[in-house]
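Undergrad: My questions all concern the structure below.
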Amino acid sequence: MRQLGQRTPSLHARIAEQLGRDIVNGCYEEGALLPGVEDLREKFGASRVIVREAIRTLGAKGLVYSRRKMGTRVANRQGWNIFDEDVLAWLMAEGRAGEYLLAFIEFRLFVEPEAASMAAKRSTKELLQPLRDSVAKIVASDGDLVLFHEGDMQFHLALLNASGNPFFAGLGRAAQTYLDTSFSLQEAGVDRAAIRKEIEMHQRLLEAIENGDADGARRECRRIILSGKEDLESEIGQESGRNAR
């Protein structure tokens, strides 16, 4: 159900979403020719202009490519823009969320500890305040998992921004999608002891950044990510066991 105030997607966006999901789900294999504009126009009841706009949208996401007199084909998976918010959501709904989440954690281990180190060296009071606010929020969550997740999300986005590097900060949208999916997957297995442990680690990371301790910030950030990896692997293993029954 659409939430109050949420805009209804345009027809071209709905067509792009349906085709995008079909591509990600393997309905169209890599290199496969998509139906022509006329076929898609008839299928979706849309004009040629709208169909072409939907195809351009998918091209911008790296999912398809077009050649004159050759039609539109599905691009190789390696060329898909997996940092695109829509592509991420479609991949996560594909049934391989755990695989992509673990891959993203590996990526985070190369990026986020360095962002924390840079934040310790560079951060201003203005950039540090969102980190302090987010830690205060997770401390005040008092076992409320939704509030804890909101504070945790704000912390990691603020951390990327506090690095002072616009490329790190630009990863925020992708990180948000991955963190949301990870929370949904692990929510049922989280207990108060695990939350207390997470809060303490975030507090230590914030303290290291405030003290200008670049090495300490890098170390504490890495601990947080590895702890999340351990929890995720445990949940994926349990989920696999439930599905095998």
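The values are calculated or read from the model by the stated rules, or taken from the named source; none is laboratory data. All of these numbers come straight from a predicted model, not from anything done at the bench. Here the Cβ positions follow ideal geometry from the backbone for every residue, glycine too, while neighbour counts run over all protein chains shown.
Undergrad: Do any helices (runs of 4 or more DSSP H) entirely within the stretch 37-119 hold 3 or more residues that are farther than 30 Å from His202 by Cα, and if so, which?
TA: Of the helices (runs of 4 or more DSSP H) lying wholly inside the stretch 37-119, those with at least 3 residues that are farther than 30 Å from His202 by Cα span 37-44, 48-60.
Undergrad: Could you say whether any residue in the stretch 32-48 is touching a strand residue (DSSP E or B) at 6+ places or on another chain (Cβ under 7 Å) and surrounded by 14 or more Cβ atoms within 10 Å (Cβ to Cβ)?
TA: Scanning the stretch 32-48, I find at least one residue that is touching a strand residue (DSSP E or B) at 6+ places or on another chain (Cβ under 7 Å) and surrounded by 14 or more Cβ atoms within 10 Å (Cβ to Cβ), so the answer is yes.
Undergrad: Report, by residue number, each residue of the stretch 188-245 that is more than 23 Å from the chain's Cα centre (by Cα) and modelled with pLDDT under 75.
TA: Passing the criteria: Asp191, Arg192, Gly241, Arg242, Asn243, Ala244, Arg245.
Undergrad: State which residue pairs qualify: first residue at pLDDT below 95 and inside the stretch 135-146, second residue not in a helix (DSSP H, G or I) in any location, beta carbons under 7 Å apart, and separation of 6 or more residues or different chains.
TA: Leu145/Val190
Undergrad: Give the stretch 218-233 a look and list any residue that's in contact (Cβ under 8 Å) with a residue 60 or more places away in the chain and more than 15 Å from Ala116 (Cβ to Cβ), or say none.
TA: Answer for the stretch 218-233, where residues must be in contact (Cβ under 8 Å) with a residue 60 or more places away in the chain and more than 15 Å from Ala116 (Cβ to Cβ): Lys229, Leu232, Glu233.
Undergrad: Need pairs with beta-carbon distance below 6 Å; first residue aliphatic (A, V, I, L, M) and within the stretch 113-131, second surrounded by fewer than 21 Cβ atoms within 10 Å (Cβ to Cβ) and not in a helix (DSSP H, G or I); sequence gap 6+ or separate chains.
TA: Once the first residue is aliphatic (A, V, I, L, M) and sits in the stretch 113-131, its partners that are surrounded by fewer than 21 Cβ atoms within 10 Å (Cβ to Cβ) and not in a helix (DSSP H, G or I) give Ala120/Gly212; Ala120/Asp213.
Undergrad: Is at least one residue of the stretch 56-67 buried (at least 19 other Cβ atoms within 10 Å of the Cβ), under 17 Å from the mean Cα position of the chain (by Cα), under 19 Å from Arg14 (Cα atoms) and without any contact (Cβ under 8 Å) to a residue 60 or more places away in the chain?
TA: Within the stretch 56-67, one or more residues are buried (at least 19 other Cβ atoms within 10 Å of the Cβ), under 17 Å from the mean Cα position of the chain (by Cα), under 19 Å from Arg14 (Cα atoms) and without any contact (Cβ under 8 Å) to a residue 60 or more places away in the chain.
Undergrad: Related question: Taking the stretch 171-187 on its own, how many of its residues are within 21 Å of Glu114 (Cα to Cα) and either among the acidic types (Asp, Glu) or at pLDDT 95 or above (or both)?
TA: Residues that pass the stated criteria total 0.
Undergrad: So how many residues does the stretch 107-147 have that are within 20 Å of Lys229 (Cα to Cα) and touching an Asp or Glu at 6+ places or on another chain (Cβ under 8 Å)?
TA: Qualifying residue count for the region: 3.
Undergrad: Under 6 Å by Cβ, and 6 or more places apart or on different chains, what pairs join a residue from the stretch 24-44 that is within 16 Å of His12 (Cβ to Cβ) and without any contact (Cβ under 8 Å) to a residue 24 or more places away in the chain with one that is β-branched (Val, Ile, Thr) and surrounded by 14 or more Cβ atoms within 10 Å (Cβ to Cβ)?
TA: Val37/Val51; Arg41/Val51
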